[in-house]
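This report refers to the structure that appears directly beneath it.
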Amino acid sequence: MSLRVMVLAAGRGTRMRSDLPKVLYAIAGRPLLAWVLDAVAGVSPDETLVVVGHGADRVTEVLPAGVRAVVQEPQLGTGHAAMTALAAMGEVAGDTVLVVPGDTPLLRPETLRALVEALPGVAAALLTTRMPDPAGYGRVRREGGRVVGIVEDRDATPELRAIDEVAVSTYAFEGTALAAALGGLARDNDQGEYYLTDAIGLLAASGPVRGVPVADPAEVQGVNSHAQLAEVAAEVRRRINAAWMAAGVWMLDPGRVYLDATVSLEAGARLYPEVHLEGSSTVAAEAEVGPQVFAVDSTIGPGARVWYAVLRGAEVGEGAQVGPFASLRPGTRLAAGSKVGTFVETKNTTLGEEAKAPHLSYLGDATIGARSNIGAGSITCNYDGYQKHQTTIGEEVFIGSDTMLVAPLTIGDRAVTGAGSVITNDVEEGALAVERNEQRDIPGYSQRRANRHAARETED
Ligand code: UD1
Ligand code: CA
């Protein structure tokens, strides 16, 4: 006897009103479907099939190894999706076939396990729950307590619509019984589709079918609209943040911290509001992040301070400071104790230990040695309109304010550049490079200018 799973994910998700297949919408950085497949993997099935259709290629791309896609074309309803998967499974007599919708990301493996364990002795078992607002869900019909069928919301009479026990598209079937029931499905409903829900009514007519209640309706909340996606994402966020706080992370306001499931944090990390950490980002102990930080695939070292900043593919070393108002683009590496301050942008740039660029700079394709200081307004002119060029600055260099560093350029250790200089040639170690005209003073200019202005006023 094997445990086989079919995940239904071929629908177009009409209520999302978008071309992106519904199951690919991200929750905490991972597609909806990935969350469902995690729960499925938790019951260690012998086989997992995903029924794909709308956006089949894109959905197939996100499937983990060992999970097979089966294409349903055209998509004639959930019953038809199950027929398509069953045909791909081959012989299933005596096996347990678990059916799971691709759009319920909060489902837990424990619940799927309970469903599988309810099957022996009956042809089918199904998850049910009581929804405060059951609109849109199939209602579970019972007679004398026994499940006798499911009626879809759109096909239900007002009396049936009043039932608050709903079916949530999650079933366990004995293989032969499923095959027989699918063979009996018709399309005589409001949408002209094959409804998998009708399989329950057909099987209940010849033997008992078991309902397995789920206490918390949130667990089986489907994502059919953007509003439901936002609700489910908020719940996932609550769980992720609660887990990190339990692991020793400080959050001033966990309702305003947005962490991908793929991010990792050390105990003692401190997160202020409006922090978004995505992809492979990490934050080490005693680092302070936020308010207002958006970081993708970036690492923030121990004791670093990052606020009001955007980081993409950046490494912030131990005790380094970033912001407020800094943009760290891919290839940025800040060594321990370095600083990228206010209105500074970096790209493909390394700052050595304790090197500083405190104000108003663009540093692209540059290497800056330890303890060097980049004065306010200084810029690497790394692009000549055709190619990017490298700037190499040694250790303990003092770049005066508003220096234009025209790359390719090498500046030796302990060199100095005069404020306002346009540096086009390499500067040797310890030298001062200054490039600007001599200052000219014109005595009495201000008074003469005021007199000229007063004379014009009298003429008018
Ligand atoms: C379905 C159930 C309903 C249940 C509800 C919530 C039916 C007829 N209705 O309605 O009783 O209360 O789920 O769980 O089953 N899909 C396919 N191929 C298709 C159509 C759908 O693979 O041809 C997939 C969808 O991608 C989705 C799942 O099946 O993941 C459910 O389809 P959906 O359209 O969301 O059904 P509901 O209207 O929510
Ligand atoms: Ca649904």
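What follows draws every value from the coordinates through simple rules; no lab data is involved. Keep in mind the model is a prediction, meaning the values are calculated, not measured. Quick reminder, even Gly has a Cβ in these numbers, built from the backbone with ideal geometry, and neighbours come from all protein chains shown.
So who's got an amide H within less than 5 Å of the one on THR48, skipping anything under 5 residues away but keeping other chains? H placed 1.01 Å off N, in plane.
Close amide H contacts, sequence-distant or interchain: VAL5, ARG68.
Sort out for me the Cα centre separation of the range 284-359 from the range 209-280, rounded to whole Å.
If you average the Cα positions of each part, the centres end up 26 Å apart.
Write down the percent of antiparallel bridges among all DSSP beta bridges whose residues are both part of the chain, to the nearest 5.
Details: 20 of 111 bridges.
Restricted to the chain, the bridges split so that about 20 percent are antiparallel.
Count the lysine pairs in the chain that are 8 or more places apart or on different chains: how many have C-alpha atoms under 25 angstrom apart? Intermediate values should be presented prior to the final figure.
Details: LYS339/LYS347; LYS339/LYS356; LYS339/LYS388; LYS347/LYS356; LYS347/LYS388; LYS356/LYS388.
Close lysine pairs found across the chain: 6.
Applying 1/(1 + (r/R0)^6) with R0 = 22 Å to the Cβ-Cβ distance of ALA215 and MET245, what FRET efficiency is obtained, to the nearest 0.05? All intermediate terms of the calculation are to be shown ahead of the outcome.
Working: r = 25 Å, r/R0 = 1.13.
Plugging the Cβ-Cβ distance into 1/(1 + (r/R0)^6) gives 0.35.
Taking θ as phi - 60°, what are the ³J(HN,Hα) couplings along the range 73-90 by the Karplus curve (6.51, -1.76, 1.60), each to the nearest whole Hz, with x for Gly and Pro?
Couplings: 8, x, 9, 9, x, 5, x, 5, 4, 5, 4, 4, 5, 4, 4, 6, 6, x Hz.
Let a ≥ b ≥ c be the square roots of the eigenvalues of the Cα gyration tensor of the range 13-144; is it rounded (a/c under 1.5), or, if not, prolate (a/b larger than b/c) or oblate?
In terms of gyration-tensor shape, rounded.
For the chain, just say rounded, prolate or oblate: build the C-alpha gyration tensor, square-root its eigenvalues into a ≥ b ≥ c, call rounded for a/c under 1.5, and beyond that prolate if a/b exceeds b/c, oblate if not.
On the way: a/c = 3.24, a/b = 2.73, b/c = 1.19.
Prolate, because a/c is 1.5 or more and a/b exceeds b/c.
Looking at the range 45-165 only, what percent of DSSP beta bridges run antiparallel? Nearest 5 please.
Values: 6 of 12 bridges.
Within the range 45-165, antiparallel bridges account for around 50 percent of the total.
Order by neighbour count: TYR386, TYR445, fewest other Cβ atoms within 10 Å first, most last. Before the final figure, lay out each step's value.
Values: TYR386 5, TYR445 9.
Ordered from fewest to most neighbouring Cβ atoms within 10 Å, TYR386, TYR445 come out as TYR386, TYR445.
Need one number: % antiparallel among DSSP beta bridges in the range 308-419, to the nearest 5.
Working: 1 of 39 bridges.
Approximately 5 percent, going by the DSSP bridge assignments.
What are the residues whose amide H is under 5 Å from the amide H of THR332, where those residues sit 5 or more places off or on another chain and H is modelled from the backbone?
GLU315, ASN348, THR349
Taking the Cα centroid of the range 392-432 and of the range 57-112, what is the distance between the two, rounded to the nearest whole Å?
63
Output wanted: per-residue J couplings in Hz (rounded whole) for the range 298-312, from phi through Karplus 6.51 cos²θ - 1.76 cosθ + 1.60, θ = phi - 60°, x for Gly and Pro.
Result, rounded to whole Hz: 10, 10, 10, x, x, x, 6, 10, 10, 9, 6, 8, 10, 10, 10.
For a quick check: sort LYS388, LYS339, LYS22 by the number of other beta carbons within 10 angstrom, fewest at the front. Before the final figure, lay out the partial values.
Values: LYS388 14, LYS339 21, LYS22 26.
Arranged by neighbour count, lowest to highest, LYS388, LYS339, LYS22 become LYS388, LYS339, LYS22.
Using a 10 Å cut-off around each Cβ, can you sort ASP95, ASP103, ASP19, ASP164 from fewest to most neighbouring Cβ atoms?
Details: ASP95 19, ASP103 25, ASP19 10, ASP164 15.
Result, fewest neighbours first: ASP19, ASP164, ASP95, ASP103.
Give the shape of the range 292-379 as rounded, prolate or oblate, defined through the alpha-carbon gyration tensor: a ≥ b ≥ c are the square roots of its eigenvalues, a/c under 1.5 means rounded, and otherwise the shape is prolate if a/b is larger than b/c and oblate if not.
Values: a/c = 1.35, a/b = 1.19, b/c = 1.14.
Since a/c stays below 1.5, the shape of the range 292-379 is classed as rounded.
Quick check: pseudo-label points 7 Å beyond the Cα along Cα→Cβ at THR157 and GLU429, how many nm apart are they?
About 9.6 nm, to one decimal.
Enumerate by residue number the GluC sites (Glu not before Pro) in the range 350-446 meeting two conditions: DSSP loop (anything except H, G, I, E, B), and at most 15 other Cβ atoms within 10 Å of the site's Cβ. If you can, show how the numbers build up before the last one.
Values: sites: GLU353, GLU354, GLU395, GLU396, GLU428, GLU429, GLU435, GLU438; in loops: GLU353, GLU354, GLU395, GLU396, GLU428, GLU429, GLU435, GLU438.
Listed in order of number, the matching sites are GLU428, GLU429, GLU435, GLU438.
5 Å is the cut-off here: which amide hydrogens, built 1.01 Å from N in the peptide plane, fall below it relative to ILE300, excluding neighbours closer than 5 in sequence?
THR282, VAL283, ALA284, VAL316
Suppose only helical runs count, i.e. DSSP H with n ≥ 4. What mean residue ellipticity at 222 nm does that imply for the chain under -39500 (n - 2.57) per run, divided by all residues and rounded to the nearest 500 deg cm²/dmol? All intermediate terms of the calculation are to be shown ahead of the outcome.
On the way: 9 runs with 94 residues, N = 460.
Helices in the chain give a 222 nm mean residue ellipticity of -6000 deg cm²/dmol.
Which ³J(HN,Hα) values in Hz, rounded to whole numbers, follow from the phi angles of the range 349-366 under the Karplus curve 6.51 cos²θ - 1.76 cosθ + 1.60, where θ = phi - 60° and Gly and Pro get x?
Each residue's phi maps through the Karplus curve to give 9, 10, 9, x, 4, 6, 6, 9, 10, x, 9, 6, 10, 10, 10, x, 6, 10 Hz.
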